[in-house]
Amino acid sequence: MNVLRTIYLDPRVVPGGGATEMAIAHALVAGSKTQEPELAGPYRAAGAALEVIPRTLLENCGADIIRVLTQLRAKHASGTNVTWGIDGEKGKLADMSELGVWEPYAVKAQTIKTAVETAAMLLRIDEIVSGTHKKDKKRAPMQQQGAPDEGGDDPRADA
């Protein structure tokens, strides 16, 4: 019922079988080549993260993951085969438009947005936790130097 409601509200669909994720991954990796070196890494990392979906489909099929994933990358590299993905029953490449495997755009977009937001949240948490440790390390050397009235290097103490 929810699928029908989702399609009724937004009738756009995208190819399934990991084809959409692979097309986005290819675009991100290609885009990383035009970015500054500091930004190229995150582009490539996001592209690699999106390739997990076709990889998982291949694992579930019992297919030769490396070989088929490499073939899928080659299909998407040409730019004309963006609807090619993984046939979940055979573990081989297939054109998702010919198989009739489609996913609602709204669901796919929300899934990717949620994944990006979750990754950003984890990075913020990591930054807070690691930032706390850095501040503690900076305070420790200051405490070891000693206060001026304890015989530290305060020039006013000699007067």
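The figures follow:
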item: Diffusion constant of region 19-65 at 25 °C, which comes from Stokes-Einstein with the Kirkwood Cα-pair radius and 0.890 mPa s, µm²/s; result: 221
item: Whole-number accessible area per residue in Å² for region 1-120, which is evaluated in the context of all protein chains at 1.4 Å; result: 62
item: Inter-centroid distance (Cα atoms) of region 7-76 relative to region 99-116, Å; result: 13
item: Filter on Lys33/Lys92; Lys33/Lys113; Lys33/Lys90 - keep pairs with C-alpha separation over 27 Å; result: Lys33/Lys92; Lys33/Lys90
item: Ratio of the Cα radius of gyration of region 1-90 to 2.2 N^0.38 Å, where N counts its residues; result: 1.22
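The values are calculated or read from the model by the stated rules, or taken from the named source; none is laboratory data. Here the structure is a predicted model, which means the values were calculated and not measured. Side chains are part of the model used for accessible areas, which takes the heavy atoms of the whole protein and leaves out ligands, DNA and RNA. Shrake-Rupley method; radii C 1.70, N 1.55, O 1.52, S 1.80 Å.
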